[in-house]
Structures are given as structure tokens and as C-alpha cells.
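Working notes, structure below.
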Protein chains: 2
Amino acid sequence: MGALEGAHLAAVACACDDDEEQSDCIPLLAGDAATAADAMEPAVRALLLGLGEDDRREGLRRTPKRVSKAFRDGTRGYRQKVKDIVRGALFPEVGVDKRTGSAGGTGGQVVVRDIELFSYCESCLLPFSIQCHVGYVPSGGRVVGLSKLSRVSDVFAKRLQNPQRLANEVCGALHASIQPAGVAVALQCWHIPLPENLECKTLQGWIRTSRSCRSGLFEGESSTLWSDFLALVKLRGIDMEAGTGDRCVSVPWCPLRSREVPLSNGLCKKSSTNGMVSAVASMLLSLGEDPLRKELLGTPQRYVQWLMKFRARNLLDVKLNGFTLGNASLHERPGGGTADHGHGSIRTELHLPFCAQCEHHLLPFYGVVHIGYLDKGSGEGIIDRSHFQALVRFYGCKLQVQERMTRQIAEAVHSVSRNGAMVVVEASHMCMISRGVEKIRSNTATVAVLGHFLTDPSAKARFLQNVLRTAGSAV
Amino acid sequence: MGALEGAHLAAVACACDDDEEQSDCIPLLAGDAATAADAMEPAVRALLLGLGEDDRREGLRRTPKRVSKAFRDGTRGYRQKVKDIVRGALFPEVGVDKRTGSAGGTGGQVVVRDIELFSYCESCLLPFSIQCHVGYVPSGGRVVGLSKLSRVSDVFAKRLQNPQRLANEVCGALHASIQPAGVAVALQCWHIPLPENLECKTLQGWIRTSRSCRSGLFEGESSTLWSDFLALVKLRGIDMEAGTGDRCVSVPWCPLRSREVPLSNGLCKKSSTNGMVSAVASMLLSLGEDPLRKELLGTPQRYVQWLMKFRARNLLDVKLNGFTLGNASLHERPGGGTADHGHGSIRTELHLPFCAQCEHHLLPFYGVVHIGYLDKGSGEGIIDRSHFQALVRFYGCKLQVQERMTRQIAEAVHSVSRNGAMVVVEASHMCMISRGVEKIRSNTATVAVLGHFLTDPSAKARFLQNVLRTAGSAV
């Protein structure tokens, strides 16, 4: 495969209409964006089939189209040009005499802090989150429009990246296009962990790294401009030097890379995953990327490895995983949420973490499940937390929609408790965050109410109060 | 003026290409978006002239183009159709038997919380910030893609609005397009105060209001679905019922409306502001809005009233305002930041609030100024804080760019202190927040370093440490 595609790529002429801009612009295999997205759809379909899904069922029917569109949009930086962005946004601005000091259009540092961005990890194709801080020192009596620092950063974020290369490319592009006395870029990046390592609280368990790059006057150990830059970033509560929680630079930050397993492991049907790996490689090609460039070697395998964690499971899997609520060990438990109520006591298991894969966009959604049910009176019928965790894992760890997952968990609990079940799922959806709408802080809650909880509003209210009381610092 | 334009508007046929959609779509006066934006440019030019500015100077030359583009983009909701957004995003989803409970595609509540939006205040044309929470109860075994709740809300946010009408329109549009069992919308909105009421900390001094709207099963005092919705929103730390800091519903929330002054007051040259008011009215017309609709009466006057707070001032104004640093009262002061240093002591005045108007986009930027200078030794040459505040107001309260303002303040301080001056300005730019790039949390720092601060890095570092130490909870 590799040789053929490499030749294919080499044979394609650069589609750029401006020769100066070649370095900012990776050629497209198909000139027309819509065609390129269409070309991705069969690849996404192959992934769905490899996951054991029926690509004709309603929820998945348009998934190839949606995934292609989102992936194209999320990598639009390949088709953007830095000079187009900066052009016309350089403003003459009087500075001060250099002997007197530095300010205005000469030497007075300008720093835009807390630019929120998203990028795709080049090692595994999952989105990662970035807090970006960009500074520059104006030169030649001209300053650049502030929004351009954000726009130029986004051009490079909207490509397959790793944090250090992103910092380098943003720094280099700003230096070349603004021609200032120096550029400073500091990034804090967060990568979603393996599903099994997700914790309840936002970004807990996430892999964090801080990276930076500097040019011109910011360079050199004695640069006081660099320490000023770090101080200005610190004014926003961000200590780039502390590096708490950062991975050692020598350890790859992508969790799928750092625990690399032989690529055949963990993939159940080798022949089907071979097809999936080829499909992902063809998606990279249709972005204009070279699947053979060093950093992308193994990326299709890693993405397939991630996806296969969410493959369709059948009843056999359930049994092998030792989970059936019907046989759940029922026993008296001290502690645990409880409240006396007509039909027995309300029992709660709250903040059970999960990570699912959105079937509409093939992107993770993750959060917590809160479960309430009624025991059979006098403490009979209490279910162990580990069984709930297994239940959440079973219904969560697959291609899902949050509404369905909520109902399925509630029905499973209700089938054992009989008296009633109530489930609240709270989740952040990467498809809401990293795609077009980019509603970074949005969070979705879904509710299912069965049996006694339906007819008794006070039971429902009590359960929600319980959730609220334990929600911690968010309240 | 009014009658002519009213007739003009009435004569325009609806440009919608889909008859069903007329309610979502206000007709455009010009069919082509670019033409409509072009039509706005002379109006913006008239505003610049009315402000006493030279519209040919470099920083303002392309301001009419930029303002028109930003205003068109910020009001794109007039040209969007809800049905286009929801179409194709309704997914069949099995629910539970209604007697058993409510979940999945039938009756299980779905709430997307913390959707961050921006809108334009219809009373004064300034942007306002919105935290939006949208819930609905699925019906007929189908759910809507989560991002559509955000996208539909944004259609109505991207129009001239007030908070209650925004809530009503989002609720009505979602009910009509999804046809669910009910819709709940809760908004928290923040409006920038008059420049003189801005305080240091983010959103302190801002005018806040909470509004909501509900339909179907959420209606009625006994609706437990509504109280569940409020509980789910409260899980994100937002208490819609507390309404702390909300304005009484009868008081208009727009600060330019609530302190309404006779429209001739505060506008120095009546003839020139008449022209400005007409210019703003023509901008409303080119959006397809009716400047005679009740809520827009007085809007052009209020926007001009806001702009005139930032009109170009000359030296006479400075003298009338009682401010010249040259004559600043110099006296010994106890307290106040100080640190011994070779050329006298470092004196600091930190966190001086300001509000300026970005000359590139005619939108506010606001924040704090930190000033450091060296006294003349033995406490001589200490300047009173009130003089710094007047200085900041003089250089801040006009059409500005942050880099220039920083330099101007530093030069003014240096001209008195002689030994050295250092200024850091930290600001949030509405042009970075409410326009295209929408980097909501971004914040820009600019630095000017003059005299002794340039040659002695330890003085510079000490000043920044001082700022950092007093930055409060942000650190």
C-alpha cells in the first residue's frame, strides 16, 4: 500500500494559487473540498462495519457523511494560508525612541492569553484541547490586529498535530508573516485518556503537557522579554514553569502511543481490522497528508485500536464480562445513599464515570451516570456499586447516543429493582466541542424515570437533591 | 426620515426562497450579502466623522469595511432558517412504554447546559453575553441532534435582541421545528455597563438578568419537569430561581435605556449627531430591520450616545477635565506600593479600570491599567491615584488601540517622573469575543517600558511581581 500511495501523493501538483504560499499549504488530492469529503465516506463505512455495526440502521446511515464533514472541517488548516490572514491587518503604530524604551510599534510586548483551540492528535486522530498564549514584540513601527494571533494559531491547530510541533509552527508562521522582533508561544494541552482511565471530574485523568517556542528577542537564557512573557501569562493563573502534571518530554503524551501494544493485540478479528487500518490511511491521504511520514506511522492502527474499544458487543460478551444484573449479588450494605420511602428506600449510586463513542460523529462523549432505585424494603435488593459500574461500562462503551444509553441503564436497573429506577447522565460531547459549533463548556444531561419515580414527584425530587448535594465544587 | 424608510421597507418583497420559512427570515433589502455590507460602510464613515475622527488615517481607513462585516456577521441570524438546521437531524429513538416511565424517545428530558452565545442589544446595539440552557422532552420516538439545540439558539442570538424575546423565540422555534412534548429555555445575560461604572474584575459592574420561557409539558405551576430542568441546570452551579443581582423585570436592563437622558443632552454638536443617528438607522434598515418597530425607537440615539462618550478630545478637554500630569500635586503619601531602588523608589498604581473603543471595530475593550514609576528619591514626586485615574480615562476613553494607549500612558507618566515608567494594560476585547473568532476568554496584555525600567531588568521584574501579587483570585 505504502509505496503506491507515496507515489500517488508525489505525483499530485500543488493546488495553491499563490506560489509564495506553498509552505503553508499542503496540496489537496482532490481540488474540490466536497469531492474530498465524499471520498472519505467509504472509509468511515468500512470502520462502522469493522466495529460490527449495521451501517444502514437509522442512527448510522448518515454517519459517514457527518464524520467526513467534521473531519474535513477540523483539518481545514491544511487549506488555509497565513498570509491571507495577516495581509491587511498590519497597522502602522508609532513607537518610542529605542534609547528611551520600548512601547507601541517598537519593542513593547503584546500578549494574547487564553486562546482556546482544538486540534487532532497525529498519533491517534482524537481531538485534543489547547490553551494557547501568544506574544510578539512589534518592530518597524507596525502592530498586527489582535485577532490574527488567534486566527494564525488556529490554522496550525486545525491540522494533525502534536503539542511541540504546533508551538513551533505557530511561532514560525507568525515570525515570518509579521516580521516582528520576536515571537513567544506557550501552549497547555489536554489529551483524553484511555476510556478506562477517565475520572468523574472534568479533565481529571486527562494527560496534560505544556510546550513553548520562541524566536528573536525572546530567545536566549538571559532574555528578560521571555520572563516578562511568562509573568504576563502567570497573571491569568497559568504557571508555565511549574509544569505540574506534565509528562516527561521523552514519554509520548498520546496515551495510545505511550502504552503501545503489538498492533495485532486487542484487535479481535485481524482481517477486519486490516481493512479498517487501510480505511483510516485513505482518510489521511484524502487530507493531503502522507501516511508514511514518521509521526503518522502507526496512527491508523492506534485510531482503530481506540475505536475497537467501542465495538458492538453481544450477549456472550456480557456473560464473559461477568455482568448480569439479574444475578447481581444482593446484600445489606452500610452507608451508600438511602432515604426511607413508601415502596422501600431510595438507593443511589452517583458519579459513575463512563466514556462512550457518539454514533453520529465517531467522537467520544464522557461524563458520569447517577442511578437511583428503590430497594425491596428492609434493605433487601441492594445492588453492589461494582455491578452498576459494569452496567454503565456495558451500555456506555459502544457506539451510542446519550438518550438511548440513559434509557438502557434505567431499564436494566428497573428489571431488577422492579419498584422503580431513575437515571441521570451528564456528559461532555467532543462533537459539540471540537466541531463546528465549538461550545466548549456545554454539557448535556439526560433523564430516565421508571416505575415509582414516575408517579411520585417527591421521590424524583429527592433523588435530584441527592445528586445536587454530592456534585461538589461545581455547585 | 421615518416615513420614507417605513415605506421603503414595506415595498420590499421577501427574498426568502422557501415560503414556509418566512417567519424565520426577515427579508433583505439587498439580495446579495456583500452588497448589503457595502451599503453600511458610508454609515460607519459618518459615525467616524461625527466622532471628530479623520476617516482617512491609517487605523480608521478600513474600519467601515470591518465594522460592516462584523455587524453583518453578528446579525447573520436574520438570514438563517431553523428548518434548514433541524432537517436531517431528527433521529428515531425507541422510548419506553408511557405507563412504565419516560426515557429515550418519549418523555425523558434532554438538557444542553452552558451554551455560550453573544447577541446585540436592540436598545443600544452593543453586544451582550449569554449563558444559555435548553431542554426538551422528546416525543413520537425521535430525538434531535444535540448540537442543533445550540445552533437554533444561535440563530436568534445573532439578531438584535432583548433577553426575554430571545428566550421566547428560541423556545417557540424549537417547539415548532422538533415538535416535542415541551421545550424549556433559561438564559443568563450580561450587558456591559456605562464606561464610568466598569470595575476591575471581569463582569463586576455588569448588568445581569435571568430570563426563561417554556412550552408544553414544562408549562404550569405544577410541572415537575420544569423543576427537574431547574435542578439539572443547578447541577452546573446556576441557580435560576435565586436571581441574585437580577434587575427588576420592570426596569429596562440596558443601562443606556434605564438612565435615559433627553436625547439632545451629552451630544455636543447637535447637527453632527443628527447625521450620526440617521446613519445608524440606515444600518438597521440594511439588516432588514424596521427602525420604527417599538423596541428599536431610540436605539440609534442610544448607540450614538454611547459612541459620543469616546469622541476625539483635544487639549482643551484635557484642561477642562482638570488633568495635566505636569501640574499633578506631588506629595508624600503613606502606603501605596513602594520599593527602594537605585534611582529612587518604585511606586505603583495598579488595577486602574478603563473602557476604550477599539478603532478597528467600533467595539469596546475594557480592563485594567497597572502603572509603575520611580519617584525622585526620598518620597518626592509621588503622584496621587486620582491623577492616574484621570490619565487613564483621558487616553482610554476614545477610539484607541491597546498598544498605543499603553505607550501614551507610559510617556505621560515618564514625562513627569523622568526616571522611568512602566505600564501594563490587560484588556478583554469585544471584537475578539463577539465577532468571528469568538475567543471568549482571551485577554490581551501590552507592556511599555521607559527610562530606568529599560536598563534595569530587576526593576521591571519587581514591578511585574507587584502586579502578580495583587492580582487576587485570578492567580
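The values are calculated or read from the model by the stated rules, or taken from the named source; none is laboratory data. Bear in mind the structure is a predicted one, so any value in this text is a computation, not a measurement. Note that each Cβ is placed from the backbone with ideal geometry, even for glycine, and that neighbours are counted across all protein chains shown. Surface areas here come from the heavy atoms of the whole protein model, side chains and all, with no ligands, DNA or RNA. Shrake-Rupley method; radii C 1.70, N 1.55, O 1.52, S 1.80 Å.
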Self-check item: 7 Å along Cα→Cβ, label-point gaps from A:R87 to other copies, nm, shortest first
Solution: 3.5
Quiz item: Which value does Rg/Rh take for segment B:110-176 over its C-alpha atoms, Rh per Kirkwood?
Solution: 1.00
Quiz item: If you average 1/r over all unlike Cα pairs in segment B:36-101 and invert the result, what Kirkwood radius do you get in angstrom?
Solution: 15.7 Å
Exercise. Give, rounded to the nearest 20 debye, the magnitude of the charge dipole that segment A:77-244 has about its Cα centre when Lys and Arg contribute +1 at Cβ and Asp and Glu contribute -1 at Cβ.
Key: 520 debye
Exercise. Determine the shielding of peptide A:353-361 by partner chains: average, over its residues, the number of Cβ atoms on other chains within 10 angstrom of each Cβ.
Key: 1
Quiz item: On full extension of the chain, what length is gained from B:V251 through B:R165, given 0.36 nm per residue of separation minus the C-alpha to C-alpha distance?
Solution: 29.4 nm
Quiz item: By average Cβ neighbour count within 10 Å, what is the ranking of A:402-409, B:112-119 from highest down?
Solution: A:402-409, B:112-119
Quiz prompt | Gained length - B:Q179 relative to B:D73, 0.36 nm times residue gap less alpha-carbon distance | solution = 35.2 nm
Quiz item: Averaged per residue, what accessible surface does segment B:75-251 expose to a 1.4 Å probe, in Å²?
Solution: 33 Å²
Exercise. Given a cut-off of 29 Å, name the pairs among B:K158/B:K398; B:K398/B:K439; A:K98/B:K398; A:K439/B:K83; B:K69/B:K460; A:K398/B:K158 whose C-alpha atoms lie farther apart than that in the structure shown.
Key: B:K69/B:K460; A:K398/B:K158
Quiz prompt | Cβ-vector label at 7 Å, A:R76, separations to other copies in nm | solution = 0.8
Self-check item: Spin-label pair A:S458/B:K376, simplified geometry with 7 Å Cα→Cβ offset, distance in nm
Solution: 7.9 nm
Practice problem: May I ask you to derive the FRET efficiency for A:L49 and A:N197 from their Cβ-Cβ distance with R0 = 41 Å, giving the value to the nearest 0.05? | Solution: 0.90
Quiz item: Roughly how many Å² of A:S102 are accessible to a 1.4 Å probe, to the nearest 10?
Solution: 20 Å²
Exercise. With label points built 7 Å along Cα→Cβ from the Cα atoms of A:L297 and B:L297, find their separation and express it in nm.
Key: 7.5 nm
Quiz prompt | Label 7 Å beyond Cα on the Cβ vector: B:L194 copy-to-copy distances, nm | solution = 6.2
Self-check item: Sites B:K65 and A:R61 - FRET efficiency at Förster radius 45 Å, r taken between beta-carbons, to 0.05
Solution: 0.55
Self-check item: Cβ-based net charge around B:T406, under 11 Å, with every Lys or Arg adding one and every Asp or Glu removing one
Solution: -2
Quiz prompt | Exposure rank, largest accessible area first [B:L292, A:L374; 1.4 Å] | solution = B:L292, A:L374
Quiz item: If R0 is 35 Å, what FRET efficiency do you get for A:K98 and B:D38 from their C-beta distance, rounded to 0.05?
Solution: 0.25
Quiz item: Peptide B:111-120: average number of partner chain Cβ atoms within 10 Å per residue?
Solution: 4
Exercise. Note the buried accessible area between B and A here, summed over both chains, with a 1.4 Å probe, in Å² to the nearest 100.
Key: 6600 Å²
Quiz item: Roughly what percent of Cα-Cα pairs across segment B:93-204 reach past 22 Å?
Solution: 41 percent
